[in-house]
Amino acid sequence: MFFRTWILGIKSLLLHPMRSALTVLGIMIGVFSVIALLAIGEGVSIKAQQDIEALGAENIIVRSIEPPNDSIEFSFSAREFGISRAEMEQIRVIPTIAQVIPVRELRLQFQYTGNALAEPRLGRLVGCTPEYQGINRLEVDRGHFLTHPEKQATVCVISAELAKYFFPYEDPLGKEIFVPAKKNRFSIVGVLKEKTATGAVGGSFSGQDFANDVYIPIETMRRLMGDLEEKRSAGSFERKKFELSQVTCKVKDVKDVPKTAKIIESTLRRMSPDREDYGIIVPFELLEQARSTRIMIQLIFGLVAAVSLVVGGIGIMNIMLATVTERTREIGVRRALGACRRDITRQFLIETIVLSVVGGCIGMALGVAFPVSAEGSKVLADWLAPEYYERIPTYFREVVPVLVPWSFPLAFGISVVVGVIFGLYPAMRAAQMDPIEALRHE
Amino acid sequence: MGKAVEIRDLTKHYVLKSETVKALRGVSFDVPQGDYVAIMGPSGSGKSTLLNLLGCLDRPTSGSYMLGDENVAQMTDDDLSAVRASRIGFVFQSYNLIPQLTVVENIEVPLYYMGKLDSRAKERCCMLASMVGLGDRLDHRPTQLSGGQQQRVAIARSIVNDPEFILADEATGNLDSVTTEEILQLFERLNGEGRTIIMVTHEDEVAEHAKRVIRLRDGHIVSDERNTDRVIAKSSAENVATEDVESAVERSESPATN
Ligand SMILES: Nc1ncnc2c1ncn2[C@@H]1O[C@H](COP(=O)(O)OP(=O)(O)OP(=O)(O)O)[C@@H](O)[C@H]1O
Ligand SMILES: [Mg+2]
């Protein structure tokens with residue numbers, strides 16, 4: 001009996017297959033977009049969380065920020081900025097801090113004189129301590145990372161990409177990397193494994209690309225290169241002076257991170273107020289923020305997608321109103337043969353539910369396939385138009401949609417609710433018809 | 001014999017914006033069980049209005065309408081639906097089959113609303129289809145049938161719920177004379193089996209087949225007479241009713257009715 005009512009609904013819908021299919025399409029797109037948008041949102045926030053976690057929840061990062069060079073005047077005096085070694089020493093004495101790890105970075109050309117074919121390559125020369133490896137989760141492929149006994153030595157560790165570039169057929173260990181700008185040579189003691197770039201975190205901290213890195217002991221860097229940088233390029237001459245690019249502070253207990261961050265901030269402010277040439281990044285707090293951002297992303301994406309479901313629902317209502325008018329006589333006949341108002345309402349409601357459930361199911365099936373097809377389309381884009389694909393920021397290329405399990409019942413539930421809500425009015429209109437009038441209808 | 005229908009002083013007024021149309025102005029008559037009544041009268045005399053009231057599709061403005069021993073004149077909409085489902089069979093001028101359903105499924109519809117759609121229902125519907133001569137068309141759609149065939153399906157549908165009476169409004173109005181004859185034969189057979197039939201017609205040739213003729217004019221009964229020289233429909237060459245089918249229907253009837 002129950003079963004028959006549904007069969008009847010399906011039969012009536014099949015009377016106009018095209019019309020029914022288009023209505024289903026509306027709901028299908030709605031359900032799919034709920035699932036897909038939530039999956040993208042989830043992928044973005046998972047990536048953000050991973051990036052933050054990569055910084056270490058127990059760390060506080062103080063980073064020098066180069067002020068914008070807005071003086072048009074020609075100046076011989078060097079611009080000084082950033083966190084200094086003296087300031088680092090002040091931070092080091094804060095009791096909740098276990099370790100401070102200084103880093104100084106320069107952008108330079110690297111060269112390998114043994115390989116005439118390889119052009120010099122621009123990369124990052126990173127002066128650091130052995131602890132740098134742990135904080136940034138760098139993995140060694142061959143040789144070893146910088147060690148404490150080597151802190152004054154002219155040795156370096158290079159990234160996998162540079163190793164591949166300069167030494168396609170040779171063993172890099174023992175060879176020398178040449179820095180033309182400083183006229184220094186560093187002998188290679190270790191090669192790292194590949195590491196993907198991290199995204200920008202918290203707005204003040206741009207993403208890090210480890211692809212073209214050369215790591216040397218920070219003390220060696222200071223001894224050989226000092227704190228002053230001079231850059232000459234077509235018509236301009238620039239001098240800048242900074243001691244450290246970044247100080248990573250490892251806090252003993254994660255619980256103390258927010259408190260310690262405040263102490264660091266006030267320490268730095270006390271030493272020199274009104275400065276804007278450094279930023280403090282607290283991954284622990286960013287992580288908390290990222291969690292609430294995730295809810296925001298889901299809410300916004302969910303709402304956007306829900307709008308398309310509502311549009312699908314309006315489609316259903318439109319079709320059902322047409323159907324009811326078209327089948328006025330059938331309604332009259334059914335009423336004459338004993339159908340009460342409720343029977344008529346149920347009949348039309350079932351038809352809308354069939355439409356929305358079918359749309360919902362197809363939408364869910366497409367949703368399940370979404371992460372795979374998204375990856376597929378990336379591969380396809382890379383293959384068809386690599387030059388355009390390359391221009392998409394790495395960060396977006398690396399976002400992988402992650403299906404949110406609850407988005408399925410949610411999307412399906414909404415689609416059924418939408419079907420019922422938008423189907424109810426046409427169905428009630430059908431039921432309210434006067435049987436005699438309906439029978440007379442042509 | 002008991003009374004199938006008893007109406008007293010039935011009136012029906014349609015209240016329009018400017019005026020009130022008095023479609024029925026006090027109509028009284030009884031219909032005993034097994035009667036075969038033709039309602040006649042000029043256009044606008046209130047025939048359809050009366051039939052709609054008898055069919056519980058509408059409520060009278062005043063008067064009483066006893067169906068068996070129940071007054072259905074002031075029942076609620078849902079109760080009237082239940083009465084239509086179980087006690088009244090309808091045959092319409094324009095057949096009114098449901099286009100998306102097959103012959104058998106169309107015959108089943110009243111059982112569905114009666115809540116009696118059990119495993120035996122389908123069997124019974126097939127029997128009724130063969131009784132009206134469409135045993136080989138069970139899975140056809142209404143659009144695949146001729147007008148006369150559609151009307152026969154409608155007649156099968158009207159008796160599937162074993163109603164107390166059958167109401168037919170101009171049931172032969174759309175049919176040619178040969179087909180009309182066939183349909184009237186079917187009515188006669190049903191009446192012969194003891195079913196009460198009330199039909200509206202404006203054709204004398206059709207009314208001649210009834211046992212009784214009620215004439216209306218301006219909402220009043222002007223005459224109500226027994227048909228003395230009643231015509232019995234002749235069997236035509238392609239007569240559909242055979243002895244075999246008839247006995248088959250009787251066999252199927254007995255389990256379904258108890
Ligand atoms: N819904 C309605 N609203 C207003 N007036 C109506 C309505 N239905 C019928 N009438 C009026 O009631 C009167 C009787 O109509 P009815 O349909 O019963 O006539 P009839 O005898 O069936 O005519 P016909 O032979 O043409 O079918 C007519 O004057 C008609 O205009
Ligand atoms: Mg009429």
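Here, each number is a calculation from the coordinates, and none is a lab measurement. Because the structure is a prediction, the values reported are computed rather than measured. Every residue, glycine among them, receives a Cβ derived from its backbone with ideal geometry; neighbour counts consider all protein chains shown.
Counting neighbouring beta carbons within 10 Å and listing from fewest to most, the residues B:His209, B:His220 come out as B:His220, B:His209.
Would you order A:Ile216, A:Ile280 from fewest to most other beta-carbon atoms within 10 Å of each residue's own beta-carbon? List each step's numbers first, then the result.
Numbers: A:Ile216 25, A:Ile280 19.
Starting with the residue having the fewest Cβ neighbours, the order is A:Ile280, A:Ile216.
Ranked by the mean number of other Cβ atoms within 10 Å per residue, highest first, peptides A:24-33, A:426-435 order as A:24-33, A:426-435. Listed by chain and number, the aspartates and glutamates placed with their C-alpha closer than 12 angstrom to that of B:Lys116 are B:Glu108, B:Asp162; residues fewer than eight positions away on the same chain are left out. Eigen-decomposition of the gyration tensor built on the alpha-carbon atoms of chain B gives equivalent ellipsoid semi-axes of 30, 21, 17 angstrom, largest listed first. Averaged over the residues of peptide A:326-336, the number of Cβ atoms from other protein chains lying within 10 Å of each residue's Cβ is 5. Simple rule: put +1 on each Lys or Arg Cβ and -1 on each Asp or Glu Cβ in region A:1-61, find the dipole, and look at A:Leu37, A:Phe2, A:Gln49; the Cα lying farthest toward the positive end is A:Phe2. Relative to one another, the C-alpha centroids of region A:267-313 and region B:1-39 are positioned 77 Å apart. Placing unit charges on the Cβ atoms only, positive for Lys and Arg and negative for Asp and Glu, gives region A:338-442 a dipole magnitude near 360 debye about its Cα centre. When the pairs A:Lys151/A:Lys183; A:Lys193/A:Lys262; A:Lys182/A:Lys241; A:Lys151/A:Lys195; A:Lys195/A:Lys240 are compared against a 27 Å limit on Cα-Cα distance, A:Lys193/A:Lys262; A:Lys195/A:Lys240 fall above it.
In order along region A:279-289, the phi-based Karplus estimate (6.51 cos²θ - 1.76 cosθ + 1.60, θ = phi - 60°) of 3J(HN,Hα) comes to x, 10, 10, 10, x, 4, 6, 4, 5, 4, 4 Hz; Gly and Pro are listed as x.
Indicate, rounded to the nearest 5 percent, the antiparallel portion of the DSSP beta bridges found entirely in chain B. Present the calculation step by step, with values, prior to reporting the outcome.
Numbers: 23 of 40 bridges.
Around 60 percent antiparallel, to the nearest 5.
Here the dipole of the protein assembly as shown is about 2260 debye; that uses its Cα centre as origin and unit charges on the Cβ of Lys and Arg (positive) and Asp and Glu (negative).
Restricting attention to the protein assembly as shown, close to 70% of DSSP beta bridges with both partner residues there are antiparallel.
Taking each residue of B:88-96 in turn, how many C-beta atoms of other protein chains fall within 10 Å of its C-beta, and what is the average?
Details: counts 3, 2, 5, 0, 5, 1, 4, 1, 8.
Mean partner shielding for this stretch: 3.
For B:Met66, neighbours were defined as the other residues whose beta-carbon sits under 13 Å from its Cβ, and their charges (Lys and Arg +1, Asp and Glu -1) total -3.
How large is log10 of I(q)/I(0) for chain A at q = 0.10, 0.11 Å⁻¹ when the intensity is taken from the Debye formula with one equal scatterer per alpha-carbon? Results for chain A at q = 0.10, 0.11 Å⁻¹ read -0.83, -0.93.
Computed from phi, the 3J(HN,Hα) profile of region A:405-417 under the Karplus parametrisation 6.51, -1.76, 1.60 (θ = phi - 60°) reads x, 6, 5, 5, x, 4, 4, 5, x, 4, 5, 5, 4 Hz, with x in place of Gly and Pro. Neighbours of B:Val200 by Cβ distance under 10 Å: Lys/Arg scored +1, Asp/Glu scored -1, total -1. Just going by the charge dipole of the protein assembly as shown, with Lys and Arg at +1 and Asp and Glu at -1 on Cβ, which of B:Tyr113, A:Leu25, A:Val247 is farthest out on the positive end? Result: A:Val247. Return the aspartates and glutamates within reach of B:Lys22: Cα separation strictly under 19 angstrom, same-chain partners fewer than 8 residues apart disregarded; answer none if there are no such residues. Qualifying aspartates and glutamates at Cα under 19 Å: A:Glu437, B:Asp9, B:Asp58, B:Asp218.
Rounded to the nearest Å, what's the spacing between the alpha carbon centres of region B:148-176 and region B:46-115? Just the number, please. First find each Cα centre; the distance between them is then 13 Å. Going from the residue with the fewest nearby Cβ atoms within 10 Å to the one with the most, B:Cys56, A:Cys361 rank A:Cys361, B:Cys56. Straight-line cross-link reach from A:Lys378 at under 18 Å between alpha-carbon atoms covers these lysines, not counting any fewer than eight positions away in the same chain: A:Lys47.
What's the average, rounded to a whole number, of partner chain beta-carbon atoms within 10 Å of each residue's beta-carbon in B:75-83? List each step's numbers first, then the result.
Values: counts 0, 1, 5, 4, 1, 4, 12, 2, 1.
Average neighbour count from other chains, rounded to a whole number: 3.
On the principal axes of its alpha carbon atoms, region A:59-252 extends 49, 45, 32 Å, with the longest extent given first. Considering only B:Val178, B:Gly148, B:Ile197, and ranking their Cα positions along the charge dipole of region B:127-202 that arises from unit charges at the beta-carbon of Lys, Arg, Asp and Glu, the one farthest toward the positive end is B:Gly148.
Only the Cβ atoms of Lys and Arg (+1) and of Asp and Glu (-1) were treated as charged; on that basis the dipole of region A:59-252 about its Cα centre amounts to roughly 240 debye.
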